[in-house]
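Below you'll find the structure, written out as C-alpha coordinates, and then a few comments.
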Amino acid sequence: MEENISMFSASNIEGYINTYAIPWGINIAMALAIYIVGRIVVGLLLSIFRRVMVKSKYDQMLVDFLESIISAILMLFVIVASLNQLGVDTTSLVAILGAAGLAIGLSLQDSLKNFAAGVMLLVFKPFRAGNFVEAAGTAGAVNKIGIFTTTMTTPDNKEIIIPNGAIYSGTITNYSAKETRRVDMVVGIGYDADLKKAKAILNEMVQADERILQDPAPTVAVAELADSSVNFVVRPWVKAADFWGVKFDFTEAVKLRFDQEGISIPFPQMDVHLHKTDSEENA
(Lines give C-alpha, C1' and ligand atoms only; values in the text may rest on other atoms or scores of the structure.)
Protein backbone atom coordinates (compact mmCIF):
# COMPACT_ATOMS: atom_id res chain seq x y z
CA MET A 1 0.00 0.00 0.00
CA GLU A 2 2.73 2.41 1.00
CA GLU A 3 4.67 1.40 -2.11
CA ASN A 4 1.65 2.24 -4.31
CA ILE A 5 1.22 5.64 -2.58
CA SER A 6 4.88 6.54 -3.09
CA MET A 7 4.72 5.47 -6.74
CA PHE A 8 1.53 7.54 -7.21
CA SER A 9 3.13 10.61 -5.62
CA ALA A 10 6.28 10.31 -7.71
CA SER A 11 4.18 9.88 -10.82
CA ASN A 12 2.10 12.96 -9.96
CA ILE A 13 5.20 15.07 -9.30
CA GLU A 14 6.78 13.97 -12.56
CA GLY A 15 3.50 14.73 -14.36
CA TYR A 16 3.29 18.21 -12.83
CA ILE A 17 6.88 18.86 -13.79
CA ASN A 18 6.37 17.74 -17.37
CA THR A 19 2.99 19.40 -17.73
CA TYR A 20 3.45 22.72 -15.91
CA ALA A 21 6.91 23.40 -14.53
CA ILE A 22 9.00 22.77 -17.65
CA PRO A 23 6.67 24.58 -20.11
CA TRP A 24 6.21 27.53 -17.74
CA GLY A 25 9.90 27.62 -17.01
CA ILE A 26 10.66 27.67 -20.73
CA ASN A 27 8.05 30.43 -21.30
CA ILE A 28 9.42 32.52 -18.44
CA ALA A 29 12.97 32.08 -19.67
CA MET A 30 11.92 33.00 -23.21
CA ALA A 31 9.98 36.04 -21.94
CA LEU A 32 13.01 37.22 -19.95
CA ALA A 33 15.22 36.64 -22.97
CA ILE A 34 12.86 38.65 -25.18
CA TYR A 35 12.79 41.47 -22.63
CA ILE A 36 16.57 41.57 -22.14
CA VAL A 37 17.39 41.28 -25.84
CA GLY A 38 14.65 43.85 -26.60
CA ARG A 39 16.15 46.34 -24.17
CA ILE A 40 19.58 45.87 -25.72
CA VAL A 41 18.20 46.37 -29.24
CA VAL A 42 16.22 49.44 -28.12
CA GLY A 43 19.36 50.89 -26.55
CA LEU A 44 21.33 50.34 -29.77
CA LEU A 45 18.59 51.93 -31.90
CA LEU A 46 18.37 54.93 -29.57
CA SER A 47 22.15 55.33 -29.67
CA ILE A 48 22.11 55.35 -33.47
CA PHE A 49 19.19 57.78 -33.48
CA ARG A 50 20.98 60.18 -31.11
CA ARG A 51 24.20 60.11 -33.15
CA VAL A 52 22.31 60.82 -36.37
CA MET A 53 20.32 63.68 -34.81
CA VAL A 54 23.36 65.25 -33.15
CA LYS A 55 25.36 64.94 -36.37
CA SER A 56 22.50 66.68 -38.19
CA LYS A 57 22.75 69.50 -35.61
CA TYR A 58 19.16 69.31 -34.43
CA ASP A 59 18.16 71.10 -31.25
CA GLN A 60 19.18 69.16 -28.13
CA MET A 61 15.74 69.56 -26.55
CA LEU A 62 14.13 68.04 -29.63
CA VAL A 63 16.62 65.16 -29.62
CA ASP A 64 15.94 64.38 -25.94
CA PHE A 65 12.18 64.62 -26.36
CA LEU A 66 12.01 62.41 -29.46
CA GLU A 67 14.39 59.92 -27.87
CA SER A 68 12.14 59.57 -24.83
CA ILE A 69 9.04 59.06 -27.01
CA ILE A 70 10.74 56.49 -29.24
CA SER A 71 12.13 54.70 -26.19
CA ALA A 72 8.66 54.46 -24.60
CA ILE A 73 7.07 53.14 -27.82
CA LEU A 74 9.78 50.54 -28.47
CA MET A 75 9.78 49.34 -24.86
CA LEU A 76 6.01 49.00 -25.01
CA PHE A 77 6.42 46.61 -27.97
CA VAL A 78 9.07 44.67 -26.03
CA ILE A 79 6.83 44.33 -22.97
CA VAL A 80 3.85 43.24 -25.08
CA ALA A 81 6.02 40.63 -26.82
CA SER A 82 7.26 39.35 -23.45
CA LEU A 83 3.73 39.08 -22.04
CA ASN A 84 2.56 37.36 -25.20
CA GLN A 85 5.31 34.76 -24.74
CA LEU A 86 3.97 34.09 -21.23
CA GLY A 87 0.58 33.36 -22.72
CA VAL A 88 -1.06 36.57 -21.55
CA ASP A 89 -3.80 37.79 -23.92
CA THR A 90 -2.39 41.15 -25.02
CA THR A 91 -5.25 41.98 -27.38
CA SER A 92 -7.30 43.54 -24.60
CA LEU A 93 -4.25 45.39 -23.27
CA VAL A 94 -3.51 46.90 -26.70
CA ALA A 95 -7.19 47.86 -27.10
CA ILE A 96 -7.19 49.57 -23.69
CA LEU A 97 -3.99 51.45 -24.47
CA GLY A 98 -5.39 52.52 -27.84
CA ALA A 99 -8.63 53.78 -26.30
CA ALA A 100 -6.71 55.63 -23.59
CA GLY A 101 -4.44 57.20 -26.20
CA LEU A 102 -7.45 58.31 -28.25
CA ALA A 103 -9.15 59.84 -25.22
CA ILE A 104 -5.99 61.68 -24.21
CA GLY A 105 -5.47 62.89 -27.79
CA LEU A 106 -9.02 64.29 -28.01
CA SER A 107 -8.70 66.09 -24.69
CA LEU A 108 -5.32 67.59 -25.62
CA GLN A 109 -5.99 68.62 -29.22
CA ASP A 110 -4.58 72.13 -28.86
CA SER A 111 -1.54 70.93 -26.94
CA LEU A 112 -0.84 68.23 -29.52
CA LYS A 113 -1.20 70.83 -32.29
CA ASN A 114 1.34 73.05 -30.56
CA PHE A 115 3.60 70.06 -29.95
CA ALA A 116 3.50 69.01 -33.61
CA ALA A 117 4.21 72.60 -34.68
CA GLY A 118 7.09 72.81 -32.20
CA VAL A 119 8.63 69.64 -33.62
CA MET A 120 8.30 71.05 -37.15
CA LEU A 121 9.91 74.34 -36.10
CA LEU A 122 12.83 72.53 -34.50
CA VAL A 123 13.26 70.16 -37.45
CA PHE A 124 12.93 72.59 -40.37
CA LYS A 125 14.38 75.60 -38.50
CA PRO A 126 12.67 78.57 -40.21
CA PHE A 127 14.34 80.62 -37.49
CA ARG A 128 16.76 80.16 -34.61
CA ALA A 129 17.24 81.66 -31.17
CA GLY A 130 18.58 85.20 -31.62
CA ASN A 131 16.84 85.84 -34.96
CA PHE A 132 14.52 88.82 -35.34
CA VAL A 133 11.28 87.52 -36.82
CA GLU A 134 7.69 88.49 -37.41
CA ALA A 135 5.18 85.71 -36.77
CA ALA A 136 1.64 85.33 -35.43
CA GLY A 137 1.21 89.11 -35.55
CA THR A 138 4.24 89.74 -33.32
CA ALA A 139 7.72 91.00 -34.20
CA GLY A 140 10.68 90.43 -31.91
CA ALA A 141 13.91 88.61 -31.17
CA VAL A 142 13.54 84.87 -30.53
CA ASN A 143 14.75 83.86 -27.08
CA LYS A 144 13.73 80.20 -26.92
CA ILE A 145 11.97 77.67 -29.13
CA GLY A 146 10.19 75.17 -26.91
CA ILE A 147 8.17 72.07 -27.67
CA PHE A 148 4.84 73.88 -27.11
CA THR A 149 5.64 77.61 -27.15
CA THR A 150 8.19 80.11 -28.49
CA THR A 151 9.40 83.02 -26.37
CA MET A 152 10.20 86.34 -28.05
CA THR A 153 11.32 89.78 -26.86
CA THR A 154 9.80 92.79 -28.63
CA PRO A 155 11.86 95.89 -29.52
CA ASP A 156 10.36 97.71 -26.50
CA ASN A 157 11.59 94.85 -24.26
CA LYS A 158 8.34 92.98 -23.66
CA GLU A 159 8.45 89.20 -23.38
CA ILE A 160 5.87 87.46 -25.58
CA ILE A 161 5.04 83.75 -25.31
CA ILE A 162 3.38 82.45 -28.48
CA PRO A 163 1.88 78.97 -29.03
CA ASN A 164 3.82 77.15 -31.72
CA GLY A 165 0.62 76.27 -33.56
CA ALA A 166 -0.13 79.96 -34.15
CA ILE A 167 3.40 80.51 -35.50
CA TYR A 168 3.60 77.51 -37.81
CA SER A 169 0.11 77.98 -39.27
CA GLY A 170 0.87 81.54 -40.42
CA THR A 171 3.48 83.47 -42.38
CA ILE A 172 6.94 83.71 -40.82
CA THR A 173 9.20 86.62 -41.78
CA ASN A 174 12.80 86.11 -40.67
CA TYR A 175 14.70 89.40 -40.86
CA SER A 176 17.92 87.76 -39.69
CA ALA A 177 18.00 84.86 -42.14
CA LYS A 178 20.24 86.67 -44.63
CA GLU A 179 23.52 88.46 -43.99
CA THR A 180 22.47 91.47 -46.05
CA ARG A 181 19.27 93.51 -46.44
CA ARG A 182 18.09 96.24 -48.75
CA VAL A 183 17.04 99.55 -47.21
CA ASP A 184 14.06 100.98 -49.11
CA MET A 185 13.69 104.75 -48.73
CA VAL A 186 11.63 107.35 -50.58
CA VAL A 187 12.91 110.94 -50.86
CA GLY A 188 10.65 113.64 -52.31
CA ILE A 189 11.69 116.99 -53.80
CA GLY A 190 9.62 119.89 -55.06
CA TYR A 191 8.67 120.22 -58.71
CA ASP A 192 10.67 123.45 -58.91
CA ALA A 193 13.85 121.84 -57.49
CA ASP A 194 16.86 120.83 -59.62
CA LEU A 195 16.19 117.16 -60.36
CA LYS A 196 19.68 116.28 -61.62
CA LYS A 197 21.37 118.05 -58.71
CA ALA A 198 19.21 116.19 -56.18
CA LYS A 199 19.98 112.85 -57.82
CA ALA A 200 23.72 113.61 -57.85
CA ILE A 201 23.62 114.50 -54.14
CA LEU A 202 21.81 111.27 -53.27
CA ASN A 203 24.33 109.21 -55.27
CA GLU A 204 27.18 111.03 -53.55
CA MET A 205 25.72 110.36 -50.10
CA VAL A 206 25.23 106.68 -50.91
CA GLN A 207 28.83 106.36 -52.05
CA ALA A 208 30.16 108.20 -48.99
CA ASP A 209 28.55 105.94 -46.36
CA GLU A 210 31.00 103.11 -45.60
CA ARG A 211 28.24 100.89 -44.24
CA ILE A 212 26.52 100.77 -47.63
CA LEU A 213 27.65 97.86 -49.80
CA GLN A 214 28.65 98.43 -53.41
CA ASP A 215 27.78 94.88 -54.44
CA PRO A 216 24.88 94.65 -55.11
CA ALA A 217 25.00 98.21 -56.40
CA PRO A 218 22.70 100.72 -54.67
CA THR A 219 19.78 102.16 -56.63
CA VAL A 220 18.90 105.87 -56.86
CA ALA A 221 16.12 106.55 -59.36
CA VAL A 222 13.07 108.73 -59.99
CA ALA A 223 10.11 106.55 -59.12
CA GLU A 224 7.02 108.73 -59.14
CA LEU A 225 5.62 112.12 -60.10
CA ALA A 226 3.38 112.45 -57.09
CA ASP A 227 0.74 115.06 -56.29
CA SER A 228 3.09 117.37 -54.42
CA SER A 229 6.57 116.04 -55.09
CA VAL A 230 8.93 114.19 -57.38
CA ASN A 231 9.84 111.02 -55.50
CA PHE A 232 13.19 109.25 -55.63
CA VAL A 233 13.68 105.67 -54.47
CA VAL A 234 16.98 105.12 -52.64
CA ARG A 235 17.72 101.42 -52.20
CA PRO A 236 21.17 100.61 -50.81
CA TRP A 237 22.25 97.17 -49.60
CA VAL A 238 23.74 96.87 -46.11
CA LYS A 239 24.66 94.20 -43.60
CA ALA A 240 21.63 93.10 -41.62
CA ALA A 241 23.04 94.55 -38.40
CA ASP A 242 23.40 98.01 -40.01
CA PHE A 243 19.86 98.19 -41.41
CA TRP A 244 18.23 100.55 -38.93
CA GLY A 245 21.35 102.62 -38.36
CA VAL A 246 21.72 103.36 -42.07
CA LYS A 247 17.99 104.05 -42.51
CA PHE A 248 17.83 106.54 -39.63
CA ASP A 249 21.17 108.24 -40.30
CA PHE A 250 20.60 108.55 -44.06
CA THR A 251 17.13 110.05 -43.60
CA GLU A 252 18.50 112.72 -41.26
CA ALA A 253 21.51 113.39 -43.50
CA VAL A 254 19.27 113.89 -46.56
CA LYS A 255 17.21 116.56 -44.80
CA LEU A 256 20.30 118.44 -43.60
CA ARG A 257 22.05 118.21 -46.97
CA PHE A 258 19.01 119.28 -48.98
CA ASP A 259 18.50 122.26 -46.68
CA GLN A 260 22.14 123.16 -47.19
CA GLU A 261 21.86 122.87 -50.99
CA GLY A 262 18.57 124.73 -51.17
CA ILE A 263 16.55 121.75 -52.40
CA SER A 264 13.02 121.82 -51.07
CA ILE A 265 11.30 118.80 -49.59
CA PRO A 266 7.60 119.64 -50.00
CA PHE A 267 4.81 118.70 -47.69
CA PRO A 268 1.42 117.53 -49.00
CA GLN A 269 -0.64 120.48 -50.15
CA MET A 270 -3.76 121.20 -52.15
CA ASP A 271 -4.71 124.15 -54.36
CA VAL A 272 -8.25 125.37 -53.73
CA HIS A 273 -9.89 127.50 -56.45
CA LEU A 274 -12.94 129.62 -55.52
CA HIS A 275 -15.44 130.66 -58.17
CA LYS A 276 -18.03 133.35 -57.53
CA THR A 277 -21.57 132.84 -58.75
CA ASP A 278 -23.57 135.58 -60.51
CA SER A 279 -25.72 136.13 -57.42
CA GLU A 280 -22.61 136.65 -55.25
CA GLU A 281 -21.18 139.14 -57.77
CA ASN A 282 -24.45 141.12 -57.88
CA ALA A 283 -24.58 141.21 -54.10
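Quick rundown of the values:
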read-out: Residue check for Gly43: at pLDDT 85 or above, outside the structural domain of Val142 (by TED's automatic domain parsing) and among the small types (Gly, Ala, Ser); value: yes
read-out: One residue from Ala221, Ala283 being among the aliphatic types (A, V, I, L, M), at pLDDT 95 or above and over 27 Å from Phe132 (Cα atoms); value: Ala221
read-out: Selected residue [outside the structural domain of Ile147 (by TED's automatic domain parsing), under 30 Å from Ile172 (Cα atoms), modelled with pLDDT under 75 and in a helix (DSSP H, G or I)] from Phe49, Phe65; value: Phe65
read-out: Single residue of region 149-174 satisfying the filter (outside any strand (DSSP E or B) and among the β-branched types (Val, Ile, Thr)) that is farthest from Asp110 (Cα to Cα); value: Thr154
read-out: Unique residue being at pLDDT 95 or above, of a type in the set (Asp, Glu) and under 39 Å from the mean Cα position of the chain (by Cα) when the list is Asp215, Asp184; value: Asp184
read-out: Answer residue from region 149-184, given it is of a type outside the set (Ser, Thr, Tyr) and free of Cβ contacts under 8 Å to residues at least 24 places away in the same chain and is surrounded by the most Cβ atoms within 10 Å (Cβ to Cβ) among those; value: Met152
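Conditions tested, residue by residue: (1) assigned to a loop (DSSP other than H, G, I, E, B); (2) surrounded by 15 or more Cβ atoms within 10 Å (Cβ to Cβ); (3) in contact with a Lys or Arg (Cβ under 8 Å, 6 or more places away or on another chain); (4) hydrophobic (A, V, I, L, M, F, W, C).
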| site | (1), (2), (3), (4) |
| --- | --- |
| Ile147 | yes, yes, no, yes |
| Asp215 | yes, no, no, no |
| Val220 | no, yes, yes, yes |
| Ser228 | yes, no, no, no |
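The values are calculated or read from the model by the stated rules, or taken from the named source; none is laboratory data. Values in this document were obtained by computation on a predicted structure and should not be read as measured data. Here Cβ is always computed from backbone atoms with ideal geometry, including for glycine, and neighbour counts include all displayed protein chains.
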